[in-house]
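Down below is the structure, laid out as C-alpha cells.
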Amino acid sequence: MTTAAGQAGATGGRTPEDVRRTLVQQISAGRLRPGQRLGAERTLAAELGVSRATLRQALAVLEESGVVRRVPGRGGGTFVSKGKIERDLSRVVGVPALLRSQGVVAGTRVMSARLSAADEQAAQALRLRPGDLVIDLVRIRLADGSPISVEHAMLPADRFPGLLELPLGGSVYELLEEHFGTRPKEALERIEVVGASPDEAMVLDVQTGAPLLSITRTTTGTDGEPIEFSHDLFRADRTRIVVRTPGHGGVARASRGRGRVIELRSQAAI
C-alpha cells in the first residue's frame, strides 16, 4: 500500500466511511490504479488502523458502487475496478474503433465463424426466409486484455460471399466497406439489463447473476437493406451508455418486455 494509508492507520476509532474515503482518495490520486490488487485483508486492515470487520464493511460499499471488484477463490482478492468504456449509441461504430478512440487496447477472441440456417428472428430482421444461410459469428471483445463483451452477429451469406475467409479479429464493418463497398448507415438497437448466466459469467469473468447490458441490433446499409442482426452482451460494470439526441427527436417508445428496454435509431458516424 502507500505512505498515505500508513499515515491514516495512525489514527484510531475509524469508521467504515472513513476507510471508504481514504481508499477513494487514493484511487482518485492515482496511487491505486485500475486493475491493481489491494493487499490481503489482514495487512490492509493493519495499514489502515481498523479491524477486519470495519474494512469489510468499507469494501462492501465500494464494491456496491463499482469502485472495487472482489474476486473469490485462489488468485482472487479485491481489485480496483477498471474505468468504464463509453458506448455512444448515437453512432454506428465497431467495438475496436470504439475502444481505440478511448485509449484502450482492443482485442478479440473469435469463438466461432460458420455458415448456419437463419432462425425466424434473424430471418425477419435480415429480410430473409427462415433457413436461408447466414454468416454466424461469435466473438469475445477484450479491453486492455480483459473481456468486456460477447457478440453474436449474423449477416446474409449470399450478400457477403467470402467474408468467412477474411480476418475476423477486427471490425466487420471495416471489412464490409473494404471488400464489399457497404457501410452501415443506421442501426435499431434494443437495450435491457439481464443477469449473467453461468456460461456468460465464465466467459466475461463476472459472477453468475451479475448485470449485463443486452443489446439486440439490426443494422442497415447505405442502400437501406439490412446487413447485420446481432445480440451483444456487455459487462455493465465496464460500460457506460451515451446517447446524443437531436432536437428533432429520433427516440421511439419501446414495448414492454423483459427488463427495461430502450429503443433508438443510431446514425452512422461520418
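FYI, it's all coordinate maths here, none of it is from the lab. Source: prediction; values computed, not measured. Positions of Cβ are backbone-derived with ideal geometry, glycine not excepted, and every protein chain shown enters the neighbour counts.
Taking label points 7 Å from Cα along the Cα-to-Cβ direction, Val138 and Gln121 give a separation of 1.4 nm. Each Lys or Arg adds one and each Asp or Glu takes one away; over the other residues whose Cβ falls under 14 Å from the Cβ of His152, this sums to -2.
So, counting K/R as plus one and D/E as minus one, what does the shell of residues with Cβ under 9 Å around Thr108 add up to? Surrounding charge for Thr108 is +3. Taking amide H positions as modeled 1.01 Å from N, with prolines and chain starts lacking one, the residues under 5 Å from Arg240 and 5 or more places away or on another chain are Ile85, Glu86, Arg87. Per-residue 3J(HN,Hα) values for the stretch 57-63, derived from phi via the Karplus relation 6.51 cos²θ - 1.76 cosθ + 1.60 with θ = phi - 60°, read 5, 5, 5, 4, 5, 5, 5 Hz in sequence order (x marks Gly and Pro). Once the chain from Ser112 to Ile241 is taken as fully extended at 0.36 nm per residue, the excess over their C-alpha distance is 43.7 nm.
Computed from the C-alpha gyration tensor, the three semi-axes of the ellipsoid equivalent to the stretch 95-176 are 26, 12, 11 Å, from longest to shortest.
In terms of other Cβ atoms within 10 Å, Ser51, Ser214 run from fewest to most in the order Ser51, Ser214.
Computed 3J(HN,Hα) for the stretch 195-206, one whole-Hz value per residue from the Karplus formula 6.51 cos²θ - 1.76 cosθ + 1.60 where θ = phi - 60°, is x, 5, 6, x, 5, 5, 4, 5, 5, 8, 6, 10, glycine and proline marked x.
The string of couplings for the stretch 124-138 from the Karplus curve (6.51, -1.76, 1.60, θ = phi - 60°) is 5, 5, 9, 6, 10, 9, x, x, 4, 6, 10, 7, 10, 10, 10 Hz, one whole number per residue in order, with x for Gly and Pro. Relative to the current alpha-carbon distance between Phe180 and Glu64, full extension at 0.36 nm per residue lengthens the span by 37.1 nm.
Around the amide H of Leu32, modelled in the peptide plane, lie the amide H atoms of Ile27, all under 5 Å away and 5 or more residues distant in sequence or on another chain.
Taking amide H as placed 1.01 Å from N in the peptide plane, the amide H of Ala196 sits under 5 Å from that of Gly209, Ala210, Leu212, each at least 5 places away or on another chain.
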